[in-house]
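What follows is a set of notes on a single structure, which appears directly below.
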Amino acid sequence: MRIPVPYRRRPVSPCPGVIDITEPTTIDLGAAKNRLTSLWETPSSLWGELATIDHKKIGKRYLVTAVMFLVIGGIEALLLRLQLSAADLDVLKPETYNQLFSMHGITMIFWYAAPILAGFGNYLVPLMLGARDMALPRLNAFSYWAFLFSGLFFYGGFLVGQMPEAGWFAYLPATGKDFSPDMGMEFYALGLIFLTVSTTAGAINFLLTIFRLRAPGMSIDRMPLFMYSTMTTSVLVVLALPALTAACLFLLLDRNWGTHFFNASQGGSPLLWQHVFWFFGHPWVYIVFLPATGMVSTILPVFCRRPIVGYTYVALATVLTGVVGFGVWVHHMFASGMDQLSMSIFSAASMTISIFSTVQVFAWLATLWGSWPVINTSMLFVLGFIASFILGGLNGVVTAAIPFDWQLTDTYFVVSHLHYVLVGANLFPVMAAFYYWLPKMTGRMMNETAGRWSFWTMFVGFNVAFFPMHLLGLAGMPRRIYVYSEAMGWGTLNLTVTIGAFLFAAGLAISLINFLYSSRRGAMAGPDPWHADTLEWLTDSPPAVYANLHIPTVASRHPLWDRHDELDDPDNARVLDKSRYTLTTTALDARPLGIARMPRDSVAPLVTALALGGLCTALLLKALWPSLSMLLLAGLTAAVWLWPQPEERPDE
Ligand code: HEM
Ligand SMILES: [Cu+2]
């Protein structure tokens, strides 16, 4: 079948890298497919795997790596629970316990909870927008390698037995040189700075992709809600992470170069760390949560077979959560001796956030109401999320009330709250997303029976583990203690918690085995097994390397449900098969703007990330010349990566 394609042979328009599209010609479909495949395919060689900038491959790598960190963090947690399963146990030494809960919290929060969502975003955002790749594919590859190497660097501390041991928020003076003399805090601070480079690079890429590469017609009010949550999260990353970088830099300077940012006896202030850390830390909890709500707002309507109720309100609530989320950080410091007025303002702001979360919960419940939902494993995890999120939200609102928080801060009530919102509102949506999108990624359906067993084991285990923690907290059990005496009467509840934790872990293991097995042996999925509405289901499963043969045009919020003829209109098809092209569109109403030429595979992003890893190691060892040479190497490879590519003249 011959398809007319608009194409004018003019090398470059005034805007470098963008080629305009006006005159149609006709092309051979089969030939176009072959050309697109050869243009976008990664060579199946080691070099190909190291140099690939394909967002689908990078997205899957993020997912696999983040799941590895989840498993490591989970094992650390189970060891903690073994130690606390009864009174007066000595399964772990006190310093080992301190290192393990710190590593658990840090690993889960930084190397699991956000990267797993970045992994789904990386894989899905271009496909949902109808684009061929992320806006900056090489930067995308770099952000993955920097994520991996920052995690390996951080766990280097584990290998040399020098780990942080004062918790994930690392308060001073416990993390100063006096009380943490070994290099554990250098692994923490340098590892986190390295990770923020990766996360910030990823956020910039998401913003550019969402605002420049949407399919024609996908105006801002037709974007999938996952785009709103990814967009808001990316803005939070760009605005919040510099605070973490600054805090870690000050900490390194105080510990190694004699400054006194946090040293009260020299005019500094330990509270400065708390302010700067939580100015970053609270928005971070939304960074590890909002994309998960976006995934739920994408999955739930599909299984309810109807559009989500209150699309606009959900989009607004997502953005407003991000905005107000910058004004609540002091609720982590209500017991630090601050004046009443300041605390009241932050308390009120913290409670305000719950309004936006409630809007989202009502939208999901209203969409469920009156529909006849398909209850499969993915949907079960969505429902499990909603139940846990409501409970996590309620115990969150309670701790926003200052007098209540004074009683409960630093107790197991807070540990329960953070797991209801982190496990309940991150891990459950992530599981729902795996069962929903793995068929697209692998071309195979996940086993439903195993899926249901996994869900119920995880859901029951989760509540058996974390609900009793409320009661332990109300009974006064402080967090971060490695042992308690029989006389406290906390034994039975703690044993229940530990049994729940192992049940939860067993349920998670069922799913991980299911993913590994079904990805190879599951039933064939086909392009759209769920009869979904968003554009990623327009591609094959797994998608072709070039995603869609032509850039689709969108005329509603539910392109695949309102299948209009433009979606695959041969007369207006934009195949763009002359080079590695994707279409650029305007930011608000996605009118075609031009064609962007995408770079080719390159190992430069990998080498740049390696050089930064080398720089962190050299700084850890205070080796000046190796530090300078690594910096030079990183600069040189970045120059190679960014060196302007020779102009292409479209072949005849
Ligand atoms: C297998 C499931 C999990 C279990 C059994 C578990 C258990 C625990 C326990 C017992 C503590 C308290 C340690 C103490 O205060 O002494 C803890 C702390 C923590 N957990 Fe988990 N957890 C699990 C999953 C997660 C996940 C998925 C996340 C995040 C996404 C997470 C984030 C945290 C954080 C941030 C802390 C605080 C660490 C600190 O005090 O510095 N946990 N966890
Ligand atoms: Cu907070």
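List the residue pairs whose Cβ atoms are under 8 Å apart, where the first residue sits in the range 326-350 and is free of Cβ contacts under 8 Å to residues at least 60 places away in the same chain, the second is open to solvent by 40 Å² or more (accessible area, probe 1.4 Å) and within 11 Å of ligand 2 (Cβ to nearest atom), and the two are 6 or more positions apart or on different chains.
So the pair list comes out as W329/F279; F346/W329.
Conditions tested, residue by residue: (1) away from ligand 2 (no atom under 16 Å from the Cβ); (2) over 16 Å from L80 (Cα atoms); (3) open to solvent by less than 40 Å² (accessible area, probe 1.4 Å).
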{"site": "F459", "(1), (2), (3)": "yes, yes, no"}
{"site": "F467", "(1), (2), (3)": "yes, yes, no"}
{"site": "V483", "(1), (2), (3)": "yes, no, no"}
{"site": "A487", "(1), (2), (3)": "yes, yes, no"}
{"site": "L508", "(1), (2), (3)": "yes, yes, yes"}
{"site": "S519", "(1), (2), (3)": "yes, yes, yes"}
{"site": "A525", "(1), (2), (3)": "yes, yes, yes"}
{"site": "D528", "(1), (2), (3)": "yes, yes, no"}
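Would you mind telling me which numbered condition in (1) within 24 Å of the chain's Cα centre (by Cα); (2) within 16 Å of ligand 2 (Cβ to nearest atom); (3) more than 17 Å from A113 (Cβ to Cβ) Y171 fails?
Unmet for Y171, out of (1) within 24 Å of the chain's Cα centre (by Cα); (2) within 16 Å of ligand 2 (Cβ to nearest atom); (3) more than 17 Å from A113 (Cβ to Cβ): (1).
Might you let me know whether the range 85-99 holds any residue that is under 22 Å from the mean Cα position of the chain (by Cα), among the hydroxyl-bearing types (S, T, Y) and assigned by TED's automatic domain parsing to the domain that holds Y62? Steps first, answer last, please.
As a first pass, look at the range 85-99 and keep what is under 22 Å from the mean Cα position of the chain (by Cα): none.
No, there is no match, as no residue in the range 85-99 is under 22 Å from the mean Cα position of the chain (by Cα), among the hydroxyl-bearing types (S, T, Y) and assigned by TED's automatic domain parsing to the domain that holds Y62.
Is it fair to say G294 is of a type in the set (G, A, S), in contact with a Phe, Trp or Tyr (Cβ under 8 Å, 6 or more places away or on another chain), assigned to a helix (DSSP H, G or I) and away from ligand 2 (no atom under 12 Å from the Cβ)? Explain how you work it out, then say what you get.
Working: of a type in the set (G, A, S): yes; in contact with a Phe, Trp or Tyr (Cβ under 8 Å, 6 or more places away or on another chain): yes; assigned to a helix (DSSP H, G or I): yes; away from ligand 2 (no atom under 12 Å from the Cβ): yes.
Yes; evaluated as a whole, the condition is true for this residue.
What is the one condition in (1) of a type in the set (A, V, I, L, M, F, W, C); (2) more than 21 Å from the chain's Cα centre (by Cα); (3) under 25 Å from A532 (Cβ atoms); (4) surrounded by fewer than 22 Cβ atoms within 10 Å (Cβ to Cβ) that V398 does not satisfy?
(3)
Pairs please, first residue from the range 522-536 and farther than 18 Å from L129 by Cα, second anywhere and open to solvent by less than 40 Å² (accessible area, probe 1.4 Å) and small (G, A, S), Cβ atoms under 8 Å, 6+ apart in sequence or on different chains.
M524/G443; A525/G443; A525/S541; G526/S541; P529/S541
How many residues does the range 246-263 hold that are touching a residue at least 24 places away in the same chain (Cβ under 8 Å) and either within 16 Å of ligand 2 (Cβ to nearest atom) or open to solvent by 40 Å² or more (accessible area, probe 1.4 Å) (or both)?
Looking only at that region, the number is 4.
Out of A387, A366, which single residue is over 24 Å from the mean Cα position of the chain (by Cα), assigned to a helix (DSSP H, G or I) and under 29 Å from M431 (Cα atoms)? Let's see the steps before the verdict.
On the way: A387 fails: over 24 Å from the mean Cα position of the chain (by Cα).
Selected residue: A366, the only one of A387, A366 that is over 24 Å from the mean Cα position of the chain (by Cα), assigned to a helix (DSSP H, G or I) and under 29 Å from M431 (Cα atoms).
Just to check your reading of the model, which residue among L159, L152 is within 22 Å of the chain's Cα centre (by Cα) and closer than 21 Å to A623 by Cβ? Spell out how you get there, then give the answer.
Details: L159 fails: within 22 Å of the chain's Cα centre (by Cα).
Answer to the selection: L152.
Applying the selection to the range 415-457, what residues are of a type outside the set (A, V, I, L, M, F, W, C) and open to solvent by 20 Å² or more (accessible area, probe 1.4 Å)?
Scanning the range 415-457 gives H417, H419, T442, R444, N447, E448, T449, R452, T457.
For the range 46-60, name all the residues that are surrounded by fewer than 20 Cβ atoms within 10 Å (Cβ to Cβ) and either without any contact (Cβ under 8 Å) to a residue 60 or more places away in the chain or touching a Gly at 6+ places or on another chain (Cβ under 8 Å) (or both).
L46, E49, K57, K60
Based on this model, can you work out whether T42 counts as of a type outside the set (A, V, I, L, M), at pLDDT below 95 and either assigned to a helix (DSSP H, G or I) or open to solvent by less than 20 Å² (accessible area, probe 1.4 Å) (or both)? Give the steps one after another, and end with the answer.
Working: of a type outside the set (A, V, I, L, M): yes; at pLDDT below 95: yes; either assigned to a helix (DSSP H, G or I) or open to solvent by less than 20 Å² (accessible area, probe 1.4 Å) (or both): yes.
Yes: the conditions hold for T42.
When you go through V324, V319, V314 one by one, which is the residue that is under 21 Å from the mean Cα position of the chain (by Cα), in the same structural domain as S454 (by TED's automatic domain parsing), surrounded by 22 or more Cβ atoms within 10 Å (Cβ to Cβ) and among the aliphatic types (A, V, I, L, M)?
Going through V324, V319, V314 in turn, the sole match is V314.
Among L368, L394, which is among the hydrophobic types (A, V, I, L, M, F, W, C) and at pLDDT below 95?
Working: L368 fails: at pLDDT below 95.
After applying the criteria, what remains is L394.
Out of curiosity, is T230 assigned to a loop (DSSP other than H, G, I, E, B) and of a type in the set (S, T, Y)? Before you say what the answer is, go through the steps one by one.
Working: assigned to a loop (DSSP other than H, G, I, E, B): no; of a type in the set (S, T, Y): yes.
When the stated conditions are applied, T230 does not pass them.
Based on this model, can you work out whether V323 counts as of a type outside the set (D, E) and free of Cβ contacts under 8 Å to residues at least 24 places away in the same chain?
Numbers: of a type outside the set (D, E): yes; free of Cβ contacts under 8 Å to residues at least 24 places away in the same chain: yes.
Spelling it out, V323 is indeed of a type outside the set (D, E) and free of Cβ contacts under 8 Å to residues at least 24 places away in the same chain.
Kindly indicate whether G191 is in contact with a Cys (Cβ under 8 Å, 6 or more places away or on another chain) and either closer than 27 Å to S269 by Cβ or crowded, with 24+ Cβ neighbours inside 10 Å (or both).
Working: in contact with a Cys (Cβ under 8 Å, 6 or more places away or on another chain): yes; either closer than 27 Å to S269 by Cβ or crowded, with 24+ Cβ neighbours inside 10 Å (or both): yes.
So G191 passes the test.
Whether any residue in the range 275-290 is within 16 Å of ligand 1 (Cβ to nearest atom), open to solvent by less than 10 Å² (accessible area, probe 1.4 Å), in a helix (DSSP H, G or I) and hydroxyl-bearing (S, T, Y) is what I want to check.
The answer is no; no qualifying residue exists.
Would you mind stating whether I106 is in the same structural domain as L225 (by TED's automatic domain parsing), under 23 Å from H275 (Cβ atoms) and away from ligand 2 (no atom under 16 Å from the Cβ)?
Numbers: in the same structural domain as L225 (by TED's automatic domain parsing): yes; under 23 Å from H275 (Cβ atoms): yes; away from ligand 2 (no atom under 16 Å from the Cβ): yes.
When the stated conditions are applied, I106 passes them.
From the list A590, A611, A618, which one is in a loop (DSSP other than H, G, I, E, B), open to solvent by less than 30 Å² (accessible area, probe 1.4 Å) and modelled with pLDDT of 95 or more?
Details: A611 fails: in a loop (DSSP other than H, G, I, E, B); A618 fails: in a loop (DSSP other than H, G, I, E, B).
From the options A590, A611, A618, the qualifying one is A590.
So is S347 within 16 Å of ligand 2 (Cβ to nearest atom), among the hydroxyl-bearing types (S, T, Y) and under 23 Å from the mean Cα position of the chain (by Cα) or not?
Considered against the rule, which asks whether it is within 16 Å of ligand 2 (Cβ to nearest atom), among the hydroxyl-bearing types (S, T, Y) and under 23 Å from the mean Cα position of the chain (by Cα), S347 comes out as no.
Pick from S354, S347, S336, S342: which is away from ligand 1 (no atom under 16 Å from the Cβ) and under 28 Å from W456 (Cα atoms)?
Details: S347 fails: under 28 Å from W456 (Cα atoms); S336 fails: under 28 Å from W456 (Cα atoms); S342 fails: under 28 Å from W456 (Cα atoms).
Answer to the check: S354.
So M163 clears everything in (1) over 22 Å from V285 (Cα atoms); (2) away from ligand 1 (no atom under 16 Å from the Cβ); (3) open to solvent by 10 Å² or more (accessible area, probe 1.4 Å) except one condition, right? Which one?
Exception for M163: condition (2).
The values are calculated or read from the model by the stated rules, or taken from the named source; none is laboratory data. These numbers were taken from a predicted model, which means no experiment stands behind them. When we count neighbours, we look across all protein chains shown, and the Cβ atoms used for this are built from the backbone with ideal geometry, even at glycine. Accessible surface areas use protein heavy atoms only, side chains included; no ligands, DNA or RNA. Shrake-Rupley method; radii C 1.70, N 1.55, O 1.52, S 1.80 Å.
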